[in-house]
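Just below is one structure, and these are the notes that go with it.
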Amino acid sequence: MGKKSFFGFLYDQLRRVPDVIQTDLKDKTVVVVGANTGIGFQAAQHFAKMNAGRLILACRSEKKGQAAVDRLKAATGYSKAELWLVDLSEFSSVQAFADRTVKDLERLDILLLNAAVLHREDGSYTTTKDGWETTLHVNDLSFTLLSFLLLPLMVDTAKKFNTHPRLVTVTSELHFMTSFEDKIFESPNAIEFMSSKDYCTPQIMKTRYPDTKLLNVFFTRALSNRSKHQPVVFNCVNPGFCRSELLRDAKGMVTKLMSLLLARSAEEGSRQLIWAAIGLPESGSLDEMRGAYINRASIEEPSDFVLGEEGKKREDKLYADTISIIQKVDPRVKEIESQYLI
């Protein structure tokens, strides 16, 4: 428990993927971030087949996003999908998307944070226009900012409609295969340190994607631990190794061979996202879904690195340092934290 070997990964990958679960979403509003391709698009198709009251496909590209809306309609007959634009590499775009969501949506029942980028295979260092290492910005900081800005709407949704909205972050089993050095936690701000050019050597950058997925797990647990009095359920989910556009720039022969022999289809991976968004464990307890790491339509222990007293200390440090960053981006974060979180 709390560990995963390569053989454990193989066992998971080669087993049959559980069927997708179904429910009626006719009165619910669903937002899928990163919905134009891969598991995000497949998840959107499943939500469409469940007749979501409103279904927002949040995409970076208008051309690719509109093509996804058209494909979804052709595949399912669902004609209510809406394309909204958001670029996770720009804080201003995330803020604008959140503002539109709060203004235009009466409710928000499911927020699926799926979009992600891979580090460059050559280990090179790139930054966004906001000055953050690109993978860390897109896969973590923007997700955190969006989570905070939309939390009030999700809490209001719960109170108005007597429901339990879910905020689902797509992580990866690759989080088992990495950890953070002590010097990260000893630095004044762990996230700033991890983003700095001096720290991001080519060797460090080669594990950057698993690092961002480990941060996803940490932050899901941190938000859940601080919102136990709230009706919103935070969890994170592993879709498994899937064939998707995330690997479009991969040039390594090992990656290509593994993709050919082991990767699931994007649709199979999307079933895990759906379970995280609407499923329940065998006990039927919603509380077990709070802060959960989900794999193969069940709740599992995440990496040992996030567990126990030391894991909690790391979680608290990473949370505090992340919040200090996004508070500077948007002062509303501090107000939301004080009003909605412990």
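Taking the numbered list (1) modelled with pLDDT under 95; (2) under 28 Å from residue 5 (Cβ atoms); (3) in a loop (DSSP other than H, G, I, E, B) in turn, residue 174 passes all entries but (3). Scan the range 38-47 and tell me whether some residue there is at positive phi and touching an Asp or Glu at 6+ places or on another chain (Cβ under 7 Å). Yes, some residue in the range 38-47 is at positive phi and touching an Asp or Glu at 6+ places or on another chain (Cβ under 7 Å). The lone criterion from (1) surrounded by fewer than 16 Cβ atoms within 10 Å (Cβ to Cβ); (2) β-branched (Val, Ile, Thr); (3) free of Cβ contacts under 8 Å to residues at least 40 places away in the same chain left unmet by residue 102 is number (3).
Report whether or not residue 158 is out of contact with any Leu (no Cβ under 6 Å at 6 or more places or on another chain), crowded, with 16+ Cβ neighbours inside 10 Å and either part of a helix (DSSP H, G or I) or of a type in the set (Asp, Glu) (or both). When the stated conditions are applied, residue 158 passes them. Those strands (runs of 3 or more DSSP E) of the range 1-85 in which 3 or more residues are β-branched (Val, Ile, Thr) occupy 29-33.
Results for (1) touching an Asp or Glu at 6+ places or on another chain (Cβ under 8 Å); (2) polar (S, T, N, Q); (3) touching a residue at least 24 places away in the same chain (Cβ under 8 Å); (4) surrounded by fewer than 21 Cβ atoms within 10 Å (Cβ to Cβ), shown as yes or no for each residue.
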site	(1), (2), (3), (4)
164	no, no, yes, yes
171	no, yes, yes, no
175	no, no, yes, no
178	yes, yes, yes, yes
181	no, no, no, yes
198	no, no, no, yes
201	no, yes, yes, yes
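In the range 317-342, the residues that are part of a loop (DSSP other than H, G, I, E, B) reach residues that are of a type in the set (Ser, Thr, Tyr) with C-beta atoms within less than 7 angstrom, at least six apart or across chains, in these pairs: 341/227.
Examine the range 77-91 for a residue that is among the β-branched types (Val, Ile, Thr), free of Cβ contacts under 8 Å to residues at least 24 places away in the same chain and surrounded by 14 or more Cβ atoms within 10 Å (Cβ to Cβ), and state whether such a residue exists. Looking through the range 77-91, none of the residues is among the β-branched types (Val, Ile, Thr), free of Cβ contacts under 8 Å to residues at least 24 places away in the same chain and surrounded by 14 or more Cβ atoms within 10 Å (Cβ to Cβ). Could you tell me how many of the residues in the range 123-152 are of a type outside the set (Ser, Thr, Tyr), under 14 Å from residue 207 (Cβ atoms) and assigned to a loop (DSSP other than H, G, I, E, B)? Residues meeting the conditions: 1. Examine the range 63-70 for a residue that is more than 16 Å from residue 104 (Cβ to Cβ), in contact (Cβ under 8 Å) with a residue 60 or more places away in the chain and surrounded by fewer than 24 Cβ atoms within 10 Å (Cβ to Cβ), and state whether such a residue exists. Taking every residue of the range 63-70 in turn, none turns out to be more than 16 Å from residue 104 (Cβ to Cβ), in contact (Cβ under 8 Å) with a residue 60 or more places away in the chain and surrounded by fewer than 24 Cβ atoms within 10 Å (Cβ to Cβ). Residues that are among the β-branched types (Val, Ile, Thr) and out of contact with any Pro (no Cβ under 6 Å at 6 or more places or on another chain) were ranked within the range 261-307; the one that is nearest to residue 214 (Cα to Cα) is 306.
The values are calculated or read from the model by the stated rules, or taken from the named source; none is laboratory data. From a predicted model like this one, the values you see are computed outputs, not experimental measurements. So basically every Cβ, Gly included, is an ideal-geometry build from the backbone, and we count neighbours across all protein chains shown.
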